[in-house]
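Note sheet for the following structure.
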Amino acid sequence: MARSLNPLASLLPWRRKDPHAAEIYGAIVARARLPVFYQGFGAPDTLEGRFVVLTLHLFAVLHRLKSGNAQSFQMAQELADHFTADMETVLRELGISDLKIPKKVRGLTASGAALLRDYEEALSRGEEAFTATIARTLPLEGTSADDAASRLSAYLKEVLRYLEAEPIDDLCTGTLSLPPASVDQEGTTI
């Protein structure tokens, strides 16, 4: 029988981490790291570009989870916690000093939360608003931002439709299934 090293663990049930949240978050990160987003979709392969692609995928999963039940809301919270912990890890890997980490994590977490709210609001206003919001968040300018946002928006709409058809219980038990991410030679999402 596995025992927690924390003697207070049994008194803090809300602090227990669901291993399924780690699986889902890992799948989101793995998807966001696929080269197709940086080579085919046009997102810049920079720290900022990768942050946007990660938050887009996190948004899609959180959007699906919020339409569920108490278990899916708990999963959404745990994914947000994993996102915050991941931002701390990234900052440490970049060599940010321990004294600056808390402030930087708060800033990145607030930025990520603002992006997620912006995506949700834009999605409710329609495809054009959703695409414009993605373009605004990408660290690109002009037609490069518009082209990449158009491809990413079409892809994300497909991801949202795909997730809507997936049972919410699958997400809550650690199974994340997403449609293929690909772009044809003309730059059209397929």
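The values are calculated or read from the model by the stated rules, or taken from the named source; none is laboratory data. Being a predicted model, the structure only gives us computed values, none of them experimental. Here the Cβ is made from the backbone with ideal geometry for all residues, glycine too, and neighbour counts use every protein chain on show.
Overview of results
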quantity	calculated
Leading residue by the ranking (surrounded by the fewest Cβ atoms within 10 Å (Cβ to Cβ)) among those in the range 162-177 that are assigned to a loop (DSSP other than H, G, I, E, B) and in contact with a helix residue (DSSP H, G or I) (Cβ under 6 Å, 6 or more places away or on another chain)	T173
Matching residues in the range 94-126 - criterion: being among the acidic types (D, E) and within 19 Å of the chain's Cα centre (by Cα)	D118, E120, E121
One residue from S67, S4, S10 being more than 14 Å from the chain's Cα centre (by Cα), hydroxyl-bearing (S, T, Y) and modelled with pLDDT of 85 or more	S67
Where I24 falls short, out of the listed (1) of a type outside the set (D, E, K, R); (2) out of contact with any Cys (no Cβ under 7 Å at 6 or more places or on another chain); (3) over 20 Å from R161 (Cα atoms); (4) part of a helix (DSSP H, G or I)	(3)
Single condition E128 does not satisfy, out of (1) farther than 21 Å from L47 by Cβ; (2) buried (at least 17 other Cβ atoms within 10 Å of the Cβ); (3) acidic (D, E)	(2)
Those residues of the range 111-146 which are touching a residue at least 40 places away in the same chain (Cβ under 8 Å) and assigned to a loop (DSSP other than H, G, I, E, B), in sequence order	L138, P139, L140
Count of the range 28-52 residues which are closer than 17 Å to V183 by Cα and touching a residue at least 40 places away in the same chain (Cβ under 8 Å)	9
Number of the condition not met by A43 [criteria: (1) assigned to a loop (DSSP other than H, G, I, E, B); (2) at pLDDT below 95; (3) buried (at least 16 other Cβ atoms within 10 Å of the Cβ)]	(2)
Single condition S72 does not satisfy, out of (1) in a helix (DSSP H, G or I); (2) of a type in the set (G, A, S); (3) buried (at least 19 other Cβ atoms within 10 Å of the Cβ)	(3)
Matching option when the condition is modelled with pLDDT of 85 or more and either among the acidic types (D, E) or more than 15 Å from L56 (Cα to Cα) (or both), among Q185, Q74	Q74
Residue match in the range 79-93 (condition: basic (K, R) and either part of a helix (DSSP H, G or I) or in contact with an Asp or Glu (Cβ under 8 Å, 6 or more places away or on another chain) (or both))	yes
Residue satisfying condition, being in contact with a strand residue (DSSP E or B) (Cβ under 6 Å, 6 or more places away or on another chain) and among the small types (G, A, S), within set A148, A135, A154	A154
All positions within the range 97-110 that are small (G, A, S) and either assigned to a loop (DSSP other than H, G, I, E, B) or touching a Phe, Trp or Tyr at 6+ places or on another chain (Cβ under 8 Å) (or both)	S97
Residue match in the range 147-158 (condition: without any contact (Cβ under 8 Å) to a residue 24 or more places away in the chain and under 14 Å from A43 (Cβ atoms))	yes
